[in-house]
């Protein structure tokens, strides 16, 4: 969806807003593995058996575990 922000803004007095007054920054934030769950890459060990590793199922980690491991943030800066 494309929005023409410069032409949709009301200005006071005789001032105007042009496309050069804006800076738009799009940033992807992740857990360094894009959309993969970082816990899937961790090996766990039992206290009594340090020679055998195992993986943890997502439902055993936390009920608060997100379903997506990255997000996109869009920031719009307007210079006066």
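Look at segment 1-52 and say how many of its residues are at pLDDT 85 or above, assigned to a loop (DSSP other than H, G, I, E, B) and surrounded by fewer than 10 Cβ atoms within 10 Å (Cβ to Cβ).
3
Kindly indicate the residue of segment 53-80 that is within 15 Å of the chain's Cα centre (by Cα) and modelled with pLDDT of 85 or more and also farthest from residue 20 (Cα to Cα) among those meeting that condition.
Result: 72.
Could you list all residues from segment 55-76 that are loosely packed, with under 10 Cβ neighbours inside 10 Å and touching a strand residue (DSSP E or B) at 6+ places or on another chain (Cβ under 7 Å)?
72, 73, 74, 75
The values are calculated or read from the model by the stated rules, or taken from the named source; none is laboratory data. The structure presented is a predicted model; accordingly, all values stated were derived computationally and were not measured. Cβ atoms come from the backbone with ideal geometry, glycine included; neighbour counts cover every protein chain shown.
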